[in-house]
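Below is one structure, written out as structure tokens; comments come after it.
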Ligand SMILES: [Zn+2]
């Protein structure tokens, strides 16, 4: 077993131990760790960050409402949604969140506006959702299945710097590098001296590593074509590597940022010419060639807690993503 893998495994705590200090902690749940590429094992990119009694959602990719349901988080309880990039895979889950949260269910129903932050264009997303569901809202108001409060959306355009502050929880945005696709934001959440950095689609930039430096937990995207595919068609792989961190670049980002624990999500796995996607073992070993700290290859519904004792991965059931919640 590689040193980094052993270190990561050592960070797994019992649920009881991790939850004992939860009041002063930050909890991060990877809801979806996939990409626009259809994959039944990895839903679209989305992460839930819980701190100070608040539930903050970062990106809202395909299936986010389903994963929140499996994580037993009522849709009505989301305080705010932060979008990093206006590409479809970061926003397609918003439709379900917006439409389903006001419904009268066992989880209760939302009566407050959806609050969302995102790059230029987030107001178009808000207006588009409301237009798309205008007649749904009209009908459900008649049926008393929604309410005037819940069909409103408050959209805020993200800018670099602090964009959200509430009861000791702070969210700062910073620009990250994604080729010609700009602006693209990473977010840093701080609470009680703890910090979590989430960065989606991006490759290396100094601005990224400076803002991520010293974070307790860092969630980072990665793109990989297998060595076999790179050998067969490097032009194909290079196109993606020009704006998404490949394993070597990801290792460099982690080496400069030095989070206490790094986690991979938004994992792009390429296949072509009949050559299959890289295995998780290949992904792990190729990052470990460039980074000697602890890191975890994230999976849907995996959770982590940052508290006074450090960063801990909660026990993970790989089959949970295929089941109704217990
Ligand atoms: Zn993306």
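Summary of values
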{"quantity": "Sole residue being surrounded by fewer than 17 Cβ atoms within 10 Å (Cβ to Cβ) and within 16 Å of the ligand (Cβ to nearest atom), chosen from 157, 92, 105", "calculated": "92"}
{"quantity": "Residue match in region 32-47 (condition: touching a residue at least 60 places away in the same chain (Cβ under 8 Å), away from the ligand (no atom under 16 Å from the Cβ) and within 21 Å of residue 114 (Cα to Cα))", "calculated": "no"}
{"quantity": "Complete set of residues in region 237-270 that are under 9 Å from residue 225 (Cα atoms) and either out of contact with any helix residue (DSSP H, G or I) (no Cβ under 7 Å at 6 or more places or on another chain) or within 16 Å of the ligand (Cβ to nearest atom) (or both)", "calculated": "246, 268, 269, 270"}
{"quantity": "Index of the failed condition, residue 224 passing every other in (1) modelled with pLDDT of 95 or more; (2) crowded, with 17+ Cβ neighbours inside 10 Å; (3) farther than 23 Å from residue 253 by Cα", "calculated": "(3)"}
{"quantity": "Tally, over region 188-208, of residues that are away from the ligand (no atom under 16 Å from the Cβ) and either in a strand (DSSP E or B) or under 22 Å from residue 86 (Cβ atoms) (or both)", "calculated": "11"}
{"quantity": "Contacts under 6 angstrom Cβ, first residue in region 78-94 being closer than 9 Å to residue 61 by Cβ and touching a residue at least 12 places away in the same chain (Cβ under 8 Å), partner outside any loop (DSSP other than H, G, I, E, B) and away from the ligand (no atom under 11 Å from the Cβ), 6 or more apart", "calculated": "91/125; 93/64"}
{"quantity": "Strands (runs of 3 or more DSSP E) enclosed by region 1-110 - at least 3 residues per element that are more than 24 Å from residue 149 (Cα to Cα) and modelled with pLDDT of 95 or more", "calculated": "26-32, 46-51"}
{"quantity": "Number of positions in region 145-166 that are touching a residue at least 40 places away in the same chain (Cβ under 8 Å) and either more than 23 Å from the chain's Cα centre (by Cα) or assigned to a helix (DSSP H, G or I) (or both)", "calculated": "5"}
{"quantity": "Strands (runs of 3 or more DSSP E) lying entirely in region 209-299 (those with 1 or more residues that are closer than 27 Å to residue 322 by Cβ, free of Cβ contacts under 8 Å to residues at least 60 places away in the same chain and more than 19 Å from the chain's Cα centre (by Cα))", "calculated": "261-270"}
{"quantity": "Tally of residues being in contact with a helix residue (DSSP H, G or I) (Cβ under 9 Å, 6 or more places away or on another chain) and either on the phi > 0 side of the Ramachandran plot or at pLDDT 95 or above (or both) across region 140-151", "calculated": "0"}
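The values are calculated or read from the model by the stated rules, or taken from the named source; none is laboratory data. Bear in mind the structure is a predicted one, so any value in this text is a computation, not a measurement. Quick reminder, even Gly has a Cβ in these numbers, built from the backbone with ideal geometry, and neighbours come from all protein chains shown.
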